[in-house]
1. Check Ala20 against each of (1) among the small types (Gly, Ala, Ser); (2) buried (at least 17 other Cβ atoms within 10 Å of the Cβ); (3) at pLDDT below 95 and name the one condition it does not meet.
2. Tell me the residue from Glu47, Glu29 that is surrounded by fewer than 17 Cβ atoms within 10 Å (Cβ to Cβ), of a type outside the set (A, V, I, L, M, F, W, C), out of contact with any Gly (no Cβ under 7 Å at 6 or more places or on another chain) and in a helix (DSSP H, G or I), please.
3. Pairs only if they're at least six apart or on different chains, beta carbon under 7 angstrom, first in the range 3-29 and under 18 Å from Asp59 (Cα atoms), second open to solvent by less than 30 Å² (accessible area, probe 1.4 Å) and not in a strand (DSSP E or B); list them, first residue then second.
4. Which numbered condition in (1) modelled with pLDDT of 85 or more; (2) more than 19 Å from Gln5 (Cβ to Cβ); (3) not β-branched (Val, Ile, Thr) is the only one that Pro192 fails?
5. Scan the range 131-160 for residues that are without any contact (Cβ under 8 Å) to a residue 40 or more places away in the chain and buried (at least 22 other Cβ atoms within 10 Å of the Cβ) and jot them down.
6. Would you pick out the residues in the range 50-86 that are open to solvent by less than 70 Å² (accessible area, probe 1.4 Å) and part of a helix (DSSP H, G or I)?
7. Taking Tyr163 as meeting all but one of (1) modelled with pLDDT of 85 or more; (2) of a type in the set (Ser, Thr, Tyr); (3) surrounded by 14 or more Cβ atoms within 10 Å (Cβ to Cβ), write down the number of the exception.
8. Sort out which residues of the range 32-42 are open to solvent by 30 Å² or more (accessible area, probe 1.4 Å), over 9 Å from the mean Cα position of the chain (by Cα) and of a type in the set (A, V, I, L, M, F, W, C), and write them in order of number.
Amino acid sequence: MLILQLSAGQGPAECCLAVAKAYACLLKEADKHGLSVSVIESVEGTEKGTFASILLSIDGENERQFASQWQGVIQWICVSPYRPRHKRKNWFIGCELFASSNTAGDNKISYRACRASGPGGQHVNKTDSAIQATHIATGISVKVTSERSQHANKRLATQLIAYKLAKLADSAVAAKKQQQWQSHLTLERGNPVKLFKGSEFRLMK
């Protein structure tokens, strides 16, 4: 299993929309390759249906080869759907790949089954399949409800805690990374790993 993050960084609403469109495109490609993709965590953008960031797990044969094709800066060329008179037509988002880790260790995590919360309806789990996981040493806690089985949610919760622990251990680098986001994009804009164009998000590269 690999963990992949699509992020708008400090970008505006258009970049958050690009994250949502890139996610939809990635799902279609993953399905063609027989890969399983699950949302571990997401942060909504300011506009409906957009994401400031979305953290995904990718599982299946040749998962790394697939995921590596997304790693880097992604460019979207399109007139802003929110600001039609805006002169800017180039929007950039980042895609970062993380290897799954076992550093959390099951013996250091407490798990509690709970019912998935939501507005109700047929798509909300009626059984206690959601998992609340807490890393005992640090107090880091996550709740995973994306899968229908308790086992699958437990697995994702373990990976999410491992991811958060890795980010915590690398907090100094993370702080610098946020500060350097714009300069990073400036360096990478000339060579995006993927290029999409138009409101239909058509892949050009």
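The values are calculated or read from the model by the stated rules, or taken from the named source; none is laboratory data. This is a predicted model, so every value here is computed, not measured. Note: ideal-geometry Cβ built from the backbone for every residue, glycine included; neighbour counts use all protein chains shown. What goes into the accessible areas is simple: the full protein's heavy atoms, side chains included, and nothing from ligands, DNA or RNA. Shrake-Rupley method; radii C 1.70, N 1.55, O 1.52, S 1.80 Å.
1. (3)
2. Matching residue, one of Glu47, Glu29: Glu29.
3. Listed pairs, sorted by first residue: Ile3/Gln159; Ile3/Tyr163; Leu4/Ala67; Leu4/Trp70; Leu6/Val19; Leu6/Ala22; Cys25/Phe201; Leu26/Trp70.
4. (2)
5. Matches in the range 131-160: Ile131, Ala133, Asn153.
6. Glu63, Phe66, Ala67, Ser68
7. Failed condition: (1).
8. Answer for the range 32-42, where residues must be open to solvent by 30 Å² or more (accessible area, probe 1.4 Å), over 9 Å from the mean Cα position of the chain (by Cα) and of a type in the set (A, V, I, L, M, F, W, C): just Val37.
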